[in-house]
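Peer 1: My structure is below; once you've seen it, I'll send some questions.
Since every read-out is calculated from the coordinates, none of them should be taken as a lab result. Fair warning: this is a prediction, and the values are worked out from it, not measured in the lab. Virtual Cβ from ideal backbone geometry, glycine too; neighbours counted across all protein chains shown.
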Amino acid sequence: MSLFDSLLGQLGSNVDVGSIAQKFGVDPETAQTAIAALGQAHQEPGDTVETAAANTGIDPSVLSGIAEHLGGEGALGQIAQHLSDNPQMLQSVLGAFGGQGGEGAQGGLGGLLGAASGFFGGGAAKE
């Protein structure tokens, strides 16, 4: 988690996965996945929160709260850029989430992995 925590530290405030998890009543792995999903979805067409919710099954109100907590669109843009520059970080975060995600419109974690593949040049189409 240290590489991901360093990303959050670059947002300028003392934001860490543990405090986000505690504030929003989720486990740290879910908080980490929510942040990665929001960063990934930020670059896709459509509503960022709705896309992240569809891809992960995480409640949209939790995702919206986390997005606001992080600093909104500007912070999500920074996260998206950092994830784009470090695709191994996205895979690491998603791997840590395992099968804990709910089933979203695109098949939960599998949908997020497919979307991430497209985001990083894998050519997967968003349904």
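Peer 1: For F24, what charge total do you get from the other residues with a beta carbon under 14 Å from its beta carbon, if Lys and Arg give +1 and Asp and Glu give -1?
Peer 2: -4
Peer 1: Where does the range 23-66 land on the Kirkwood hydrodynamic radius, alpha-carbon pairs, in angstrom?
Peer 2: 10.1 Å is the Kirkwood radius here.
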